[in-house]
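The values are calculated or read from the model by the stated rules, or taken from the named source; none is laboratory data. In this text the structure is predicted, and so the values were computed from the model without any measurement. Every residue, glycine among them, receives a Cβ derived from its backbone with ideal geometry; neighbour counts consider all protein chains shown. Quick note on the areas: whole protein, heavy atoms, side chains included, nothing else; ligands and nucleic acids left out. Shrake-Rupley method; radii C 1.70, N 1.55, O 1.52, S 1.80 Å.
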Amino acid sequence: MTAEMGTSRLNRALDRLRRWRRAHRRGLRCEKVDCVSPSRRQKRRGQPKLATQSVVYGGPAPEDVADLISAVRMLPAMDKLTMSGRCITQTKDMENFMKGQVGMRPLPGKFFVIGVKAFQLRADLFDLEKSQCFKFESSLPGSEKFEMSVAEVLEWQRTYQVFYDSDVYRGDEGMETLRRSLEGRSRHGQEAWMMKFACRISENPVLMRFDGRVLKREVGQSPRGKIFLVSVCGIDFAGRVHDSGDIARYIKNWREVYRLTEQGTPVVLRGRDFARTGTMADLDESRCLKDLVRMARLRLRAQDALGIQVVVETGLGLGVFSGDAIGIGEQVRKLSGLAMKQVLEEEEFANIKLVVFALPVFSTANNNYNYFQMVFGDKSSLYRGKTCVVLADQDMHAIAIAAADQGFRVGQLNPGDSHGVFGEYWQNYGPGTEEKLALTTCGLLTQHHAVNPAVLDTSRYIAVDVN
């Protein structure tokens with residue numbers, strides 16, 4: 001595609017976004033929620049009484065993909081309550097597993113990142129008997145056991161790779177920056193912003209769906225396909241010190257949006273949060289969309305290179321980080337959908353056959369499903385990509401398991417944090433989507449730098465040309 005064609009396409013996308021903002025400003029107020037939890041009001045009322053929604057774009061799909069789409073659309077409705085809120089039971093169960101089975105030793109008073117409790121292993125997994133069996137189970141009555149041998153865990157760890165944008169991380173200095181970032185030592189501002197262009201992928205079995213019920217597994221037992229975890233950072237408009245680079249890059253009037261010190265830097269509250277003035281933000285939509293497109297292209301090309309056939313996405317940076325508090329949440333959600341649509345229309349994949357957006361609905365009006373449906377279902381600009389797309393009000397784990405059971409290699413998106421530590425605040429009893437994935441998958445074993453030495457091995461870092 002020529003530069004002129006790309007610019008024209010971008011301008012048309014931004015024009016559609018502005019029309020949508022005018023048309024839907026009244027009916028689409030955005031909630032500040034994570035991507036897999038209902039609101040407090042809904043939790044008080046019980047399970048949300050919303051029918052499971054799904055819609056398919058593109059096609060016709062090959063027979064095997066069509067069968068999978070049918071299976072996904074027939075899945076039982078997602079349990080939207082069990083793992084909402086503080087996830088105390090699931091957190092304690094994972095802590096007990098990591099301490100009692102894996103050998104996690106907490107380091108009192110030490111932190112990987114402020115608020116992220118540090119730990120180390122009593123012994124490297126490589127030094128354990130390869131036949132030793134780890135057993136993960138819930139403290140809830142009647143729990144099944146998910147069993148795995150040390151040899152299997154080591155095999156999953158060896159699949160770990162980092163795909164990075166070669167225009168962002170350059171040379172030996174770039175590799176050192178990336179390595180440092182993946183153990184929680186990225187500097188705020190520019191280095192935190194760079195983390196959006198690093199994609200961590202490893203084979204990563206799912207321990208439970210979001211219903212909190214542990215899946216039964218014996219050593220050596222696996223589905224016909226495989227599930228990979230794809231950990232990527234999104235743009236962060238929460239207004240915090242570490243992601244100050246995002247604010248400065250994408251908010252044109254950030255100096256009016258936040259209170260400033262005499263030195264011209266934002267006033268910081270509670271050691272982390274920028275103090276707001278009440279002025280709403282003026283988003284640089286063109287720059288934001290360009291970076292969102294680049295981020296999407298990176299993770300899709302990386303997965304295609306690994307032979308992944310089914311991509312399961314969820315909202316990336318579309319919860320508390322979307323900028324609702326400064327008046328840009330609606331724009332950011334639509335731009336995210338536009339970026340994915342543009343990349344899927346432009347790219348031709350060797351392996352990816354299907355992209356499923358798992359976008360659980362917790363409200364009839366305020367949800368990511370609506371925004372993505374507006375983008376992909378826009379009658380004035382119908383989706384014309386060669387890859388089939390499904391939007392589903394569904395549990396991302398349920399989708400990934402269904403695809404793996406049918407023999408597909410599946411990539412599952414994990415919305416990470418720019419600090420770079422896998423699972424971030426997973427022990428703090430108040431998890432977002434990233435923390436929930438640490439509690440429901442083998443991610444702490446495969447992608448945490450204190451458990452898997454491959455995370456800090458720069459020979460596993462692979463450059464990708466995203467131009």
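Let me spell it out: the conditions are (1) among the β-branched types (Val, Ile, Thr); (2) surrounded by fewer than 23 Cβ atoms within 10 Å (Cβ to Cβ); (3) in a helix (DSSP H, G or I), and Val332 meets all of them except one. Which number is the exception? If we test Val332 against (1) among the β-branched types (Val, Ile, Thr); (2) surrounded by fewer than 23 Cβ atoms within 10 Å (Cβ to Cβ); (3) in a helix (DSSP H, G or I), just (2) comes out false.
Scan segment 370-390 for residues that are assigned to a helix (DSSP H, G or I) and either out of contact with any helix residue (DSSP H, G or I) (no Cβ under 8 Å at 6 or more places or on another chain) or among the aliphatic types (A, V, I, L, M) (or both) and jot them down.
Asn370, Gln373, Met374, Val375, listed by residue number.
If you filter segment 432-467 down to residues that are part of a helix (DSSP H, G or I) and open to solvent by 20 Å² or more (accessible area, probe 1.4 Å), you find that the one that is farthest from Glu347 (Cα to Cα) is Pro453. Checking each residue in segment 391-419 for being outside any strand (DSSP E or B), β-branched (Val, Ile, Thr) and buried (at least 24 other Cβ atoms within 10 Å of the Cβ) picks out only Ile399. Filtered by the rule that a residue be in contact with a Lys or Arg (Cβ under 7 Å, 6 or more places away or on another chain) and touching a residue at least 24 places away in the same chain (Cβ under 8 Å), segment 250-265 gives Tyr250, Val257.
Say we look at segment 107-129 and pick out the residues that are of a type in the set (D, E, K, R) and within 24 Å of Arg180 (Cα to Cα); which of these is most open to solvent (accessible area, probe 1.4 Å)? Step through it out loud before you land on a result.
Going residue by residue through segment 107-129, those that are of a type in the set (D, E, K, R) are 110, 117, 122, 124, 127, 129.
Checking which are within 24 Å of Arg180 (Cα to Cα) leaves us with 110, 117, 122, 124.
On the way: Lys110: 125, Lys117: 90, Arg122: 156, Asp124: 95 Å².
Result: Arg122.
Cβ-Cβ distances below 6 Å connect the following pairs, each with a first residue in segment 202-213 that is of a type in the set (Gly, Ala, Ser), a second residue that is open to solvent by 10 Å² or more (accessible area, probe 1.4 Å) and part of a loop (DSSP other than H, G, I, E, B), and a separation of six or more residues or different chains: Ser202/Thr159; Gly212/Thr82. Remark: Thr277 matches the filter, which requires a residue to be touching a helix residue (DSSP H, G or I) at 6+ places or on another chain (Cβ under 7 Å), among the hydroxyl-bearing types (Ser, Thr, Tyr) and either over 22 Å from Ala339 (Cβ atoms) or buried (at least 19 other Cβ atoms within 10 Å of the Cβ) (or both).
For Thr82, the conditions (1) over 30 Å from Ala392 (Cα atoms); (2) open to solvent by 50 Å² or more (accessible area, probe 1.4 Å) are fulfilled apart from (1).
Leu229 meets each of the listed conditions (1) open to solvent by less than 10 Å² (accessible area, probe 1.4 Å); (2) outside any strand (DSSP E or B) apart from (2). Being out of contact with any Asp or Glu (no Cβ under 7 Å at 6 or more places or on another chain) and either under 30 Å from Arg259 (Cβ atoms) or not in a helix (DSSP H, G or I) (or both) is a property that Val361 lacks.
Of all residues in segment 324-343, those satisfying the criterion of being touching a residue at least 60 places away in the same chain (Cβ under 8 Å) and of a type in the set (A, V, I, L, M, F, W, C) are Ala325, Ile326, Ile328, Val332, Leu335, Leu338.
Counting only residues that are open to solvent by 10 Å² or more (accessible area, probe 1.4 Å), farther than 19 Å from Gln394 by Cβ and assigned to a helix (DSSP H, G or I), segment 335-358 holds 3 of them.
Do we have Arg73 as surrounded by fewer than 18 Cβ atoms within 10 Å (Cβ to Cβ), within 23 Å of the chain's Cα centre (by Cα) and either more than 30 Å from Arg272 (Cα to Cα) or at pLDDT 95 or above (or both) here? Spelling it out, Arg73 is indeed surrounded by fewer than 18 Cβ atoms within 10 Å (Cβ to Cβ), within 23 Å of the chain's Cα centre (by Cα) and either more than 30 Å from Arg272 (Cα to Cα) or at pLDDT 95 or above (or both).
Yes/no matrix, rows are residues, columns are (1) part of a loop (DSSP other than H, G, I, E, B); (2) open to solvent by less than 40 Å² (accessible area, probe 1.4 Å); (3) among the aliphatic types (A, V, I, L, M):
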| residue | (1), (2), (3) |
| --- | --- |
| Ser131 | yes, no, no |
| Ser139 | yes, no, no |
| Asp172 | no, no, no |
| Met175 | no, yes, yes |
| Ala192 | no, yes, yes |
| Met195 | no, yes, yes |
| Asp246 | no, yes, no |
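For segment 359-384, the set of residues classified as over 18 Å from the mean Cα position of the chain (by Cα) and open to solvent by less than 10 Å² (accessible area, probe 1.4 Å) consists of Val375, Phe376, listed by residue number. A count restricted to segment 295-328 and to residues that are in a helix (DSSP H, G or I), modelled with pLDDT under 95, within 17 Å of the chain's Cα centre (by Cα) and not hydroxyl-bearing (Ser, Thr, Tyr) stands at 2.
A quick yes/no check of all residues on (1) among the hydrophobic types (A, V, I, L, M, F, W, C); (2) more than 27 Å from Ile247 (Cα to Cα):
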site: Glu155; (1), (2): no, yes
site: Val168; (1), (2): yes, no
site: Gly171; (1), (2): no, no
site: Leu178; (1), (2): yes, no
site: Cys199; (1), (2): yes, no
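Residue-level analysis places Tyr429 outside the set of residues that are hydroxyl-bearing (Ser, Thr, Tyr), crowded, with 19+ Cβ neighbours inside 10 Å, in contact with a Lys or Arg (Cβ under 6 Å, 6 or more places away or on another chain) and farther than 23 Å from Thr177 by Cβ.
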